[in-house]
Amino acid sequence: MVRARLAPLRRAVGNDRGAAAVEFALVSTLLLLLILGIIAFGFAMFRRQSALHAAREGARLASVGVNDCADFQEQVANRGSGAAIEQDDVALAYTDVNGFGPSVGDEVTVTVPYEVDLSLLGIIGLGTFEDTQTGIARVEQVGTVTACS
């Protein structure tokens, strides 16, 4: 008699047919966000490294002299193709230590702005942001152009 009364209770407590689906839905959502975050972070790091490479290569180019600003900016933008650098945004500046203009032994600085797109994580509310990378080298030869902006 006691068993007959407990049978419906056992069926109600022991019925977990939909529990696995609910657990999967909760866990898979978090797992998907984590995977998208890893992918977006990978893209951001790739762009950062590409812009850093372009800035360093630009500083090396500028250390032996720049004679055409547009050509220099194009070469720097091409070397950072993974960062989608705008050619006109590449900046070049020499450090004038002695006050007589740039000379051998001074420093040249190349600044490369780039944009990182995190819209892949739009659910969290992250969009795009801008950053810059800078390359510095010692001047070995001064060209005819001493600044590009």
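Of all residues in segment 99-109, none satisfies being under 18 Å from the mean Cα position of the chain (by Cα), in a loop (DSSP other than H, G, I, E, B) and on the phi > 0 side of the Ramachandran plot. Checked against the criterion of being modelled with pLDDT under 90, in contact with an Asp or Glu (Cβ under 9 Å, 6 or more places away or on another chain) and hydrophobic (A, V, I, L, M, F, W, C), the candidates Ala77, Ala84, Ala25, Ala51 yield just one match: Ala84. Among residues of segment 34-46 that are closer than 13 Å to Tyr114 by Cα, those with a Cβ under 7 angstrom from a residue that is of a type outside the set (Phe, Trp, Tyr) and surrounded by 14 or more Cβ atoms within 10 Å (Cβ to Cβ), sequence gap 6+ or separate chain, pair up as Ala44/Val116; Ala44/Leu118; Phe46/Gly82. The residues of segment 115-128 that are open to solvent by 30 Å² or more (accessible area, probe 1.4 Å) and either modelled with pLDDT of 80 or more or among the charged types (D, E, K, R) (or both), listed by number, are Glu115, Asp117, Thr128. Counting only residues that are outside any loop (DSSP other than H, G, I, E, B) and either farther than 14 Å from Thr146 by Cα or in contact with a Lys or Arg (Cβ under 6 Å, 6 or more places away or on another chain) (or both), segment 85-95 holds 3 of them.
The residue list Glu115, Glu107 contains one member that is more than 30 Å from Ile39 (Cα to Cα) and either among the small types (Gly, Ala, Ser) or out of contact with any helix residue (DSSP H, G or I) (no Cβ under 7 Å at 6 or more places or on another chain) (or both), which is Glu107. Of all residues in segment 85-114, those satisfying the criterion of being surrounded by 17 or more Cβ atoms within 10 Å (Cβ to Cβ) and either among the aromatic types (Phe, Trp, Tyr) or free of Cβ contacts under 8 Å to residues at least 24 places away in the same chain (or both) are Tyr94, Tyr114. Residues that are open to solvent by 90 Å² or more (accessible area, probe 1.4 Å) and under 18 Å from the mean Cα position of the chain (by Cα) were ranked within segment 61-79; the one that is farthest from Ile136 (Cα to Cα) is Asn78.
Look through Gly58, Gly82, Gly135 and report the one residue that is touching a strand residue (DSSP E or B) at 6+ places or on another chain (Cβ under 8 Å), in a helix (DSSP H, G or I) and surrounded by 12 or more Cβ atoms within 10 Å (Cβ to Cβ). Testing whether each residue is touching a strand residue (DSSP E or B) at 6+ places or on another chain (Cβ under 8 Å), in a helix (DSSP H, G or I) and surrounded by 12 or more Cβ atoms within 10 Å (Cβ to Cβ) leaves just Gly58. Annotation note: Cβ proximity below 6 Å between a residue of segment 69-82 that is farther than 14 Å from Ser149 by Cβ and without any contact (Cβ under 8 Å) to a residue 60 or more places away in the chain and a residue that is surrounded by fewer than 16 Cβ atoms within 10 Å (Cβ to Cβ) and of a type in the set (Phe, Trp, Tyr) (sequence gap 6+ or interchain) occurs for Gly82/Phe46.
The values are calculated or read from the model by the stated rules, or taken from the named source; none is laboratory data. Keep in mind the model is a prediction, meaning the values are calculated, not measured. Cβ atoms come from the backbone with ideal geometry, glycine included; neighbour counts cover every protein chain shown. Each accessible area value is taken on the protein alone, full model and side chains, heavy atoms only, with ligands, DNA and RNA left out. Shrake-Rupley method; radii C 1.70, N 1.55, O 1.52, S 1.80 Å.
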